[in-house]
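Worksheet: the structure to be examined is printed underneath.
The values are calculated or read from the model by the stated rules, or taken from the named source; none is laboratory data. Note that this is a predicted model, so its numbers are computed, not measured. Methodologically, a virtual Cβ is constructed for each residue, glycine included, from the backbone with ideal geometry; neighbour enumeration extends over all protein chains shown.
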Amino acid sequence: MKIDELTISIINSLRNGRIRFKEIAEKLSVAEGTVRSRVKKLQEEQILEITGLVDPERIPDHSVVYIGVKLKTIELVAKGAEISKVKGVISVGVVTGRYDLILTVALKKGFGLLEFYTEELAKIDEIQSVEAFVVYKSYNIKLPCEEVSS
């Protein structure tokens with residue numbers, strides 16, 4: 001599916017949560033059916049998944065950290081998939097640079113960084129080193145409205 005400016009605008013509109021297709025269509029000056037069919041196609045091709053997101057910054061006694069992980073193995077994708085199942089892990093990205101993986105981890109009272117390292121991450125073989133980055137504030141990312149093909 002070609003991802004054009006209209007499709008990106010539809011995706012960005014959906015980031016605002018539960019919005020009706022009719023509202024998106026009016027905002028973008030297109031037919032509601034156009035929005036509905038594009039969203040359906042995006043979902044069928046697994047480009048778009050509509051889910052509910054929780055902002056841990058707004059939940060009392062919760063915090064988010066990013067953790068850079070350097071591995072002893074080159075099996076980055078397999079190790080990323082394994083780590084994605086660990087308690088507290090919100091997402092895992094295979095990346096370039098100093099680290100092999102970047103984890104997004106939710107912590108809470110009674111399950112802090114020390115517990116995450118010693119009780120969860122310690123179970124994973126082939127980890128060479130880790131570094132934590134505490135998130136003070138995060139912002140929603142929007143896709144740029146320029147033509148992108150897939």
Item to check | Within the stretch 9-32, considering residues that are surrounded by 15 or more Cβ atoms within 10 Å (Cβ to Cβ) and either over 14 Å from residue 49 (Cα atoms) or of a type in the set (Asp, Glu) (or both), the one nearest to the chain's Cα centre (by Cα) | outcome: 9
Next on the checklist: Among the residues that make up the stretch 135-149, is at least one of them over 29 Å from residue 2 (Cα atoms), modelled with pLDDT under 95 and within 14 Å of the chain's Cα centre (by Cα)?
Outcome noted: yes
Next on the checklist: Considering only residues that are within 17 Å of residue 94 (Cβ to Cβ) and exposed (fewer than 11 other Cβ atoms within 10 Å of the Cβ), which ones fall in the stretch 104-124?
Outcome noted: none
Next on the checklist: List pairs: first residue in the stretch 25-38 and without any contact (Cβ under 8 Å) to a residue 12 or more places away in the chain, second residue surrounded by fewer than 15 Cβ atoms within 10 Å (Cβ to Cβ) and aliphatic (A, V, I, L, M) anywhere in the structure, Cβ distance under 7 angstrom, at least six positions apart or on different chains.
Outcome noted: 25/31
